[in-house]
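Worksheet for the structure shown next.
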Amino acid sequence: MTRFHLSYAAAGLASAGGNAAGAAAASGQLTMRAREADPETAVPPDRWRFVDARNIELIGVTPAPGVIYEFTYRATTPWVSGIGYAIERDVVAYLGSNATPGGIANPAGGQIHASIGFGISQSGRFLRDFIERGFNQDEFGHKVFAGVLSHIAGIGTVFLNQPFAQPFRTRTQHEDHTMPENQFPFSAARTRDPVDGRFGAVLRHDGFDPLLIETNTDAEYWQKGASLLATDPAGTHDEALPPSTRLFLIAGSQHTGRTGASNAPGPCANLRNPHDPSPALRALLVALDAWISTGLPAPPSRISRLADRTLVASADLRFPALPDFVRAAAPDAIDPPGDWVHPRPVASPYRPLVPAVDADGNDRAGLQLPDIAVAAATYTGFNLYKAPYPAGEMCDRDGSFLPFARTDAERAGGDPRPSLAARYGSPAHYVALVNDAAQRLVAQRLLLPEDAERYVAAAKAVGF
């Protein structure tokens, strides 16, 4: 039987014959729907039951892949989740101090000169929330993190400082779409919320803001509203960012990009994007350290912008028609916060935009690592589910990948993209171009020399 684990214990079980495992549906309602926007269908009470206060299971039903099940029930004993901000603040502040409470030696030995917060995905969202809520000032009036690097957080925070919080949730177009992750303010710049007219920013401008670098992949533009980091909430104009902030689109990447990632499609319609953004993160972390310790500013932001038409509405995205490739129609909508228990669809004033692409479907702007600057494929931040999953829905936070043909003779019919041989002529010329791209990034402090060597060695090993 399929079992679902509940986030919090049920307040009471309507038992059948006093047996909790056979409890009836009177103490909760289970619904299902194939797609997030579909109306909910109630699962009959005789098709599910409580196993115990933290688990329910389906009876005689096998759920189809990707189907959304939602259980509404009265819960009890929530933990005090918001205290996590204070714990983070106090532990980091203590380790960076010379304090010896109760005569116990500080394990850091007073050797920490500055603290850097580095978060990826959920922990990156936590750090954005941590700053905006004022926890970067400790109880003694000291700055906690001198610098923060948040990766693939988009505009998100965490569903933490609320009753019955569920900080492990992450909102996408299909999964957990109604979870309260994206709440104004979105940007480090001060902007106005069109919902209620208030002004706000992630940075507080109170003397305790850290130096802030935010990096995102294409997937965060399609699924996490990342364009709103640098535009007004309505997506009508670029915002001027504070001088203590840098933003980077790591071009041609997906949310879970990493070394050795597979391009196997899994439940997605297209091959998944195997591009690794880690070399950019390594260089930017070094740059952040130098910014803190020596005052040398980090490299300028590299993102898509409205002003140069590298940031566009999805309807204006001139994505090439590629054979056997499924294209996303629009990014995930960013909805105003509401009642997450009983959500009601409302018209959203927030307008997320996506990076403009070239004739190959690759980003025109952003931080282009050598394997994107000298591309051998089309790399995107979107992908779509295929049957038996709900076809046409966004495939989690995965991107897509479609290699170029090696020669024109091998190019598929209808593929408008030139082959590798037509682009680069010879493997030697390809290697030279990769080396040039790598050395430019090294000079701009966006790639470490050792990573530049790895790119050139890989280009030599694989040729095209």
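Observations
Every residue, every condition in (1) over 29 Å from Arg74 (Cβ atoms); (2) in contact with a helix residue (DSSP H, G or I) (Cβ under 8 Å, 6 or more places away or on another chain); (3) modelled with pLDDT under 95; (4) not hydrophobic (A, V, I, L, M, F, W, C), yes or no:
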{"residue": "Ser150", "(1), (2), (3), (4)": "yes, yes, no, yes"}
{"residue": "Ile155", "(1), (2), (3), (4)": "yes, yes, no, no"}
{"residue": "Asn161", "(1), (2), (3), (4)": "no, yes, yes, yes"}
{"residue": "Phe168", "(1), (2), (3), (4)": "no, yes, yes, no"}
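- Looking at Val51, Val92, Val61, just one residue is in contact with a helix residue (DSSP H, G or I) (Cβ under 6 Å, 6 or more places away or on another chain) and not in a loop (DSSP other than H, G, I, E, B), and that residue is Val51.
- Scope the range 406-425; condition surrounded by 13 or more Cβ atoms within 10 Å (Cβ to Cβ) and hydrophobic (A, V, I, L, M, F, W, C); matching residues: Leu420, Ala421, Ala422
- Condition check for Ala264: touching a strand residue (DSSP E or B) at 6+ places or on another chain (Cβ under 8 Å) and free of Cβ contacts under 8 Å to residues at least 60 places away in the same chain: yes
- Helices (runs of 4 or more DSSP H) completely within the range 351-464 that count 3 or more residues being without any contact (Cβ under 8 Å) to a residue 24 or more places away in the chain: 427-443, 449-462
- Residue check, Ala315 hydrophobic (A, V, I, L, M, F, W, C) and not in a loop (DSSP other than H, G, I, E, B): yes
One line per residue, one yes/no per condition, for (1) modelled with pLDDT of 95 or more; (2) surrounded by fewer than 19 Cβ atoms within 10 Å (Cβ to Cβ); (3) in a helix (DSSP H, G or I):
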residue	(1), (2), (3)
Ala219	yes, no, yes
Pro233	yes, no, no
Phe248	yes, no, no
Gly257	no, no, no
Ser262	no, yes, no
Ala283	yes, no, yes
Trp291	yes, no, yes
Pro299	yes, yes, no
Leu322	yes, no, no
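- Taking every residue in the range 290-301 that is not assigned by TED's automatic domain parsing to the domain that holds Ala146 and pairing it with any residue that is surrounded by fewer than 18 Cβ atoms within 10 Å (Cβ to Cβ) and part of a loop (DSSP other than H, G, I, E, B), at least 6 positions away or on another chain, yields no pair with a Cβ-Cβ distance below 9 Å.
- The set of residues in the range 151-187 that are over 22 Å from Glu40 (Cβ atoms) and among the hydroxyl-bearing types (Ser, Thr, Tyr) comprises Thr157, Ser187.
- Residue list for the range 62-90, filter: surrounded by 15 or more Cβ atoms within 10 Å (Cβ to Cβ) and of a type in the set (Lys, Arg): Arg89
The values are calculated or read from the model by the stated rules, or taken from the named source; none is laboratory data. If you're wondering where the values come from, they're calculated on a predicted model, not measured in any experiment. Quick reminder, even Gly has a Cβ in these numbers, built from the backbone with ideal geometry, and neighbours come from all protein chains shown.
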